[in-house]
1. What number of residues in the range 142-160 are free of Cβ contacts under 8 Å to residues at least 60 places away in the same chain and open to solvent by less than 40 Å² (accessible area, probe 1.4 Å)?
2. Here is a list: ASP486, ASP469. Which entry is within 30 Å of the chain's Cα centre (by Cα), exposed (fewer than 15 other Cβ atoms within 10 Å of the Cβ) and at pLDDT 95 or above?
3. So how many residues does the range 73-99 have that are open to solvent by 30 Å² or more (accessible area, probe 1.4 Å) and farther than 27 Å from ASP435 by Cβ?
4. Can you give me the number of residues within the range 491-508 that are part of a loop (DSSP other than H, G, I, E, B), modelled with pLDDT of 90 or more and either of a type in the set (Phe, Trp, Tyr) or on the phi > 0 side of the Ramachandran plot (or both)?
5. How about the range 444-464: which of its residues are more than 11 Å from TYR421 (Cβ to Cβ) and part of a loop (DSSP other than H, G, I, E, B)?
6. Examine the range 167-176 for a residue that is part of a helix (DSSP H, G or I) and modelled with pLDDT under 95, and state whether such a residue exists.
7. Tell me the helices (runs of 4 or more DSSP H) entirely within the range 272-355 that contain at least 1 residues that are within 20 Å of ILE591 (Cα to Cα), open to solvent by less than 40 Å² (accessible area, probe 1.4 Å) and hydroxyl-bearing (Ser, Thr, Tyr).
8. Checking the conditions here, which among LYS407, LYS376, LYS355 is basic (Lys, Arg) and farther than 25 Å from THR448 by Cβ?
Amino acid sequence: MLAKVKLFIFSICVGICFLIKIDLVSDLSVLKITTLYETNFFALSVFTGFAFYFFSKHPFHKISKIKIFLSVLFSLFMLVGEGYASYGSYKLLFLNIATILLSLVKFVGYIYLFIHLFSLLDDLIDKSKNKELKFKNKYLSKYLELFNKYPFKVSFVTILIVLSIYMLAFYPIVLSPDPSFQIKMYFNEHTKYIDWVIQRDPEIFMTSHHPVFQTYMIGFCLSLGRFLVNDNFGLFLYTLIQSLIYSSVLAYTIKYMSNNGIKSKNRLIVLGMYLIIPMYLLYSMSAVKDTLYTAFMILFILKVFDIIKNYKEINLSYKYIAVLYFIMLFIGLFRHNGVYVIALTIFVLIFYTRKNALKILISFFAFFVSIYAFDKVLIPYLGISDGSAREMLSVPFQQTARLVSEKPDFYNEEDIKIIDYILKYDTLASRYNPDLADPVKNEYNKNTTKEDLKDYFYVWFKGLKKHPDIYVDATLNNTYGFFYPDKHNWYIYARYDKRVTDNGLVDYHYNKLSFLRAFIDGYANTVPYIPIIGAVSNIALNTWAVLILAAYLINTKNKRFLISLLPLFGSILFCFIGPANTYFRYTMPYIFALPVLTVLLLEYIRGEKVEKK
């Protein structure tokens, strides 16, 4: 009986987690407290009843310490995330006795729920099987036969067939602000980016704010198309090249799973995700740098997995090393921060596979020299201006702006003078946006020297010592969507961006199939909010998935595969120091790599779990 009572109490706690917001008791006045009566207590009762039934039918077994730790961590994510979503600070949890008590109740409820979910996940992994699929329908059976015999070819053709619908709807390409500005820079048009930097050549308006390699790639395709047919055809040439590369990578993930013994059922699930979840194929039509960067990052992750699995004691061929070099090179050419993700991963990898350490190190050294020569030799030779240093300073700039906003009398005249020279002090507080660092960064003084930054960081450190809580609030306000699942900022690139058509620069236009574009746009904006299916595109849940994979690997004899997760953790880290909260395209490298990597790692998690029930 006592066990049932405890279970019922825990069930109430879980119900409160989802149906009562802490903000309701942030003000203890009678007027605010009465809002509690507006809470749907019928829904709370029903939810509690279902929770009680679920916990009764599925009692949890003993789980490992790392999973208990994650249960606590995820619970904190939920509470802290709620604090920032509704109040803009973690301080909501400690405002008064009521918020403290409610936070504790929810904390207990979340932990109890997550421990149960981990227990259930253990059972699902144990019962799941890597098995072949069979169809009774003769056409499906024939497709499956070909799929098993030619996994790359069949997957590639299937992807292209579905992708052709997107190509038809969004011909020639989807241009968003970034690639539109890149096209303008290619044609040496004046853009905002040149105003942010010290111009290297007064006649050249291109900067390396966006990847120069991709800028020239888009521009060359556009120029070629203009010569052969028209501007639209040139833009489509870029789309076609990108789509062929991107589709090949997705098809290769299916082939790689087949080569590693993954049966048809799981391979078809992954292929189905590529086809049904619109974010995978819609980004193939977008000219943003992240599409091809993500494609090459997936290849890099699979190479790392392959080296861990097969080449600890077997010599790598020089052909293999050459392929690895070119994959790393294209990652570095399509996104600047890719260099750091690669460096982190390679550094750990060479300590694991000492037999091949020298070859891998040579490949990385060649990659590093190539990127250095491109950035420090070729770009200056072409007269292209370097990007602004402000891009790496989002975190401290946001912290300073929030401190000025909340404590306008904190800084003395000398401090204000230092900040003003770099960020324009007078408007800093009004420009502060908790979710986005761009308004603060946009006033960065391009003439700032290293000595100026040294002075600034001295002032910044004074704020850190006196008001660390404000700095924490500034950073978490700008990042909590990457770990809090209820933060939604879903967007897709589908709308017509006409800025390249200004002054007749480019004759870019969509076709007349507006009904098809509207349908795809509506479909793509609906899927993320469909239960279960939508979780695939939820940023925070994908962050959690990386942590869960790591936890399961720690509990097996295959801890070496944690190295294959380093590029994903590196990508997550860059999201946390980036300028925007819940910005999906920053997360593409780890979200798009997760399906194939999860299936591959589950084979080792399922086969060699060492923890006992």
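1. Going through the range 142-160 one residue at a time, the tally reaches 1.
2. After applying the criteria, what remains is ASP469.
3. 1
4. Total satisfying the criteria: 1.
5. The one that is more than 11 Å from TYR421 (Cβ to Cβ) and part of a loop (DSSP other than H, G, I, E, B): LYS446.
6. The first filter runs over the range 167-176 and keeps only residues part of a helix (DSSP H, G or I), leaving 167-170.
Add one more test, that the residue is modelled with pLDDT under 95, and what stays is none.
No, because not a single residue in the range 167-176 is part of a helix (DSSP H, G or I) and modelled with pLDDT under 95.
7. Working: elements: 278-282, 290-310, 318-334, 338-352.
Result: 278-282, 290-310, 338-352.
8. The match here is LYS355.
The values are calculated or read from the model by the stated rules, or taken from the named source; none is laboratory data. Predicted model, so just to flag it, every value in this text is computed and none were measured. A quick note on method: Cβ atoms are made from the backbone with ideal geometry, for glycine too, and the neighbour counts reach across all protein chains shown. When the accessible area is computed, the model is the full protein with side chains, heavy atoms only, and any ligands, DNA or RNA have been set aside. Shrake-Rupley method; radii C 1.70, N 1.55, O 1.52, S 1.80 Å.
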